[in-house]
Amino acid sequence: MNIAICDDNIKICAEISNLIHSHISDAEIFIFNSKGELLNAKENFQICFLDIKAVDGIEIAKTLRRRQELLNAPKSILIFVTGYAEFMSAAFDVHAFHYLLKPIDAQKFFNVLTQAVAEIQTVQSQLENFLLIKVDGGTKKIFLQDILYIESQNKKVAIHTTNGIFEVYGKMDAYEVALGESFFRCHRGYLVNLAKISAYTADTIQLCNGERIFIAAKKFNDFVKAFLRYAQNGGLVNV
């Protein structure tokens with residue numbers, strides 16, 4: 001696991017590094033003391049610990065997010081470690097995973113790090129797991145991380161992905177069982193990837209690509225419970 005720490009305070013960098021190593025002995029840690037040093041690095045870090053004010057962590061986060069979207073690279077988990085509580089709302093505008101205040105509370109740090117590692121493992125699972133479908137006389141591999149939702153179409157299903165829509169013969173019940181707890185049957189006609197949700201209301205779910213699908217009224221409470229359970233177990237959350 002590769003982790004970046006960016007802070008102009010050398011002692012803080014050392015403290016965070018020691019805390020990480022006491023929890024993840026084989027972590028590969030890269031320390032940067034300025035915005036430029038981190039942004040010039042070639043690695044795509046799995047976790048980034050950033051100070052907001054000293055090294056302009058918000059701008060670093062925005063640049064990393066733009067770069068990762070452009071390259072279609074996995075998004076770094078961003079954790080801000082700072083002495084300025086007033087910047088908390090700005091941190092979450094860039095989809096920060098968490099916000100820790102200085103001086104660092106070791107137990108709180110370990111809790112957040114544990115959650116971050118669990119999220120990485122969940123994302124890695126979606127990167128490694130895939131469906132094999134029959135299309136155009138051949139077989140196509142669709143990774144779970146690319147699926148937005150699956151839509152029922154009588155005897156067929158439409159698999160909506162970040163790379164297009166694929167129609168195949170199949171039953172929603174079978175896909176619901178096969179895809180597991182990172183997907184939720186929010187409506188008899190929709191099976192949604194919880195990792196692709198950007199917002200939801202009592203009757204609709206918005207996906208990361210801007211599309212909206214329905215939540216059945218009788219499904220809403222179960223959906224909220226499933227989404228919270230998914231998040232607590234380390235699932236990728238974009239809301």
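The values are calculated or read from the model by the stated rules, or taken from the named source; none is laboratory data. All figures in this text were calculated on a predicted structure; none of them were measured in a lab. Here the Cβ positions follow ideal geometry from the backbone for every residue, glycine too, while neighbour counts run over all protein chains shown. For accessibility, only protein heavy atoms count, side chains too; no ligands or nucleic acids. Shrake-Rupley method; radii C 1.70, N 1.55, O 1.52, S 1.80 Å.
Note on region 9-28: among residues that are of a type in the set (Val, Ile, Thr) and touching a residue at least 24 places away in the same chain (Cβ under 8 Å), the one that is farthest from ILE120 (Cα to Cα) is ILE12. When the test is whether a residue is over 23 Å from ILE120 (Cβ atoms), loosely packed, with under 15 Cβ neighbours inside 10 Å and among the basic types (Lys, Arg), ARG229 does not pass it. The residue that is nearest to GLY138 (Cα to Cα), counting only those in region 154-177 that are aliphatic (A, V, I, L, M) and surrounded by 11 or more Cβ atoms within 10 Å (Cβ to Cβ), is VAL168.
Among the residues of region 131-140, at least one is surrounded by 19 or more Cβ atoms within 10 Å (Cβ to Cβ) and without any contact (Cβ under 8 Å) to a residue 60 or more places away in the chain.
The residue list LYS108, LYS196 contains one member that is closer than 30 Å to VAL81 by Cα, touching a residue at least 40 places away in the same chain (Cβ under 8 Å) and either surrounded by 17 or more Cβ atoms within 10 Å (Cβ to Cβ) or basic (Lys, Arg) (or both), which is LYS196.
Working only within region 1-45, note down all residues that are crowded, with 20+ Cβ neighbours inside 10 Å and in contact with a helix residue (DSSP H, G or I) (Cβ under 9 Å, 6 or more places away or on another chain). Result: ILE3, ALA4, ILE5, CYS6, ASP7, ILE16, ILE20, PHE32, LEU38, PHE45. Can you pull out the residues in region 46-61 that are open to solvent by less than 10 Å² (accessible area, probe 1.4 Å) and over 12 Å from THR82 (Cα atoms)? Residues satisfying the conditions are ILE47, CYS48, ILE60, ALA61.
A search for C-beta distances below 7 Å between a residue of region 201-214 that is in contact (Cβ under 8 Å) with a residue 12 or more places away in the chain and any residue that is part of a loop (DSSP other than H, G, I, E, B) and not polar (S, T, N, Q), counting only pairs 6+ apart in sequence or on different chains, returns ASP203/ILE215; ILE205/ILE215; PHE214/ASP203.
Comparison of PHE183, PHE220 shows that the only residue that is within 24 Å of VAL123 (Cα to Cα), surrounded by 15 or more Cβ atoms within 10 Å (Cβ to Cβ) and not charged (D, E, K, R) is PHE183.
Looking at region 177-204, which of the residues that are touching a Gly at 6+ places or on another chain (Cβ under 8 Å) and aliphatic (A, V, I, L, M) is modelled with the lowest pLDDT? Selected residue: ALA195.
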